[in-house]
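Following: one structure in structure tokens, then a few remarks.
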């Protein structure tokens with residue numbers, strides 16, 4: 001059906017309407033004259049249909065004999081387009097050039113994408129595959145997928161699995177980074193469980209060893225909670241790897257101080273370079289710099305898209321920075337904002353380790369700077385494995 005529509009569009013067709021007279025006689029006369037009509041439908045007292053543009057003039061005879069009035073509603077197809085744009089030769093030339101350009105670019109790779117990699121690894125993976133011939137502008141038929149992936153394994157030891165998929169004009173690298181195997185707990189070496197934090201115990205859950213502390217008792221850091229020395233019924237002692245959870249109510253102190261005057265490192269921009277790319281073209285705009293002597297670069301690449309479809313055109317910005325020492329002078333507001341940001345970072349890290357049940361920060365402005373301090377009430381597991389001296 002689609003091919004029929006394309007063929008009709010290439011030849012051109014006319015959508016017409018007839019009204020009045022005898023509709024059935026009109027259709028019978030068209031059939032006798034071998035006039036191919038399609039899209040026939042009635043709309044009130046009108047009959048609407050379509051016919052090949054070259055046969056439209058032959059409708060005058062059946063319309064006249066059936067007493068109907070003929071009127072062309074729309075004209076569609078390539079012949080009418082050329083007739084409309086014949087005074088605009090540049091449009092036709094541009095359309096033809098665009099069709100030839102797209103047809104000529106189809107065998108090449110337009111865009112390259114990496115799926116499954118962290119941002120840190122993505123740029124390195126793209127550089128490796130570019131050296132192996134997979135890049136924007138490369139001919140798809142000239143890429144040996146198996147060979148490229150095999151060579152890439154040798155260049156990317158941190159990747160555990162990868163695959164190269166060519167989808168039309170796109171190359172997609174699917175990768176999986178290696179994950180370090182978790183370290184197995186050593187449950188054979190005798191040890192004790194001691195307190196890693198001062199607090200008051202509210203729950204003990206021993207798994208191995210003998211309990212040495214009671215619920216409700218206060219302990220300080222280093223106190224023995226679960227002993228790895230277990231007394232047997234015969235009076236002897238067995239040394240085991242003590243295991244268990246000991247939950248206590250503790251207090252943690254967070255404190256941040258930001259002076260009004262301080263020294264620190266700042267990143268100073270020392271240069272930029274832009275690069276425009278399209279297939280085989282690679283046009284640098286700016287001076288190249290080598291990393292070293294405190295210089296480091298950040299690369300940002302953006303590929304042009306139309307309605308989410310990537311095009312083989314991109315621009316790249318490389319910015320070079322240098323770290324240097326600088327003197328900072330803060331106002332009270334700036335010092336407070338900086339201290340609040342640093343305090344929030346410490347607080348967020350602590351929340352990952354313990355459950356905070358109370359406490360609020362206090363802000364103090366001194367002659368030297370801004371201090372934020374908080375004594376927080378927490379609940380946490382204070383069990384810590386400690387080696388035993390069994391000699």
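A Gaussian network model of the chain, with springs between Cα atoms under 10 Å, assigns the largest mean-square fluctuation among 149, 363, 112 to 363. Using a Gaussian network model on the chain with a 10 Å cutoff between Cα atoms, which of 35, 150, 224 fluctuates the most? Sorting by GNM fluctuation, first place goes to 35. Springs between Cα atoms under 10 Å define the GNM used for the chain, and in it the highest mean-square fluctuation of 166, 132, 61 occurs at 61. Entry note, the chain: relative contact order of 13 percent, from Cα contacts under 8 Å with a spacing of 6+ residues. Note on region 111-177: Cα convex hull, mean projected area over all directions, 3.9 nm². Once the Cα atoms are used to define both axes, helix 89-105 deviates from the longest principal axis of the chain by about 50 degrees. Computed from Cα positions, the angle between helix 23-32 and the longest principal axis of the chain comes to roughly 80 degrees. Treating each Cα of region 1-42 as an identical point scatterer and summing with the Debye formula, the log10 of I(q)/I(0) at q = 0.21 Å⁻¹ comes to -0.82.
Our compactness index for region 141-256, the C-alpha radius of gyration over the empirical 2.2 N^0.38 Å, is 2.00.
The Cα atoms of region 36-78 cover 32, 22, 16 Å along the three principal axes, with the biggest extent listed first.
For a distance above 18 Å, tell me the whole-number percent of Cα pairs in region 2-82 that qualify. Percentage above 18 Å: 38.
Computing FRET efficiency as 1/(1 + (r/R0)^6) for residue 145 and residue 81, where r is the C-beta to C-beta distance and R0 is 35 Å, gives about 0.25. Projected over every direction and averaged, the convex hull enclosing the alpha-carbon atoms of region 299-379 yields 10.9 nm². Here the scattering of the chain is modelled by Debye summation over its C-alpha atoms, one equal scatterer each and no solvent; at q = 0.09, 0.13 Å⁻¹ the log10 of I(q)/I(0) is -0.93, -1.15. Restricting attention to the chain, close to 95% of DSSP beta bridges with both partner residues there are antiparallel. So for region 193-247, what percent of the C-alpha to C-alpha distances run longer than 14 Å? Roughly 50 percent, once rounded to a whole number.
We did not get these values from a lab; they are worked out from the coordinates using the rules stated. What you see is a predicted model; the values in this text were computed from it and never measured. Note that each Cβ is placed from the backbone with ideal geometry, even for glycine, and that neighbours are counted across all protein chains shown.
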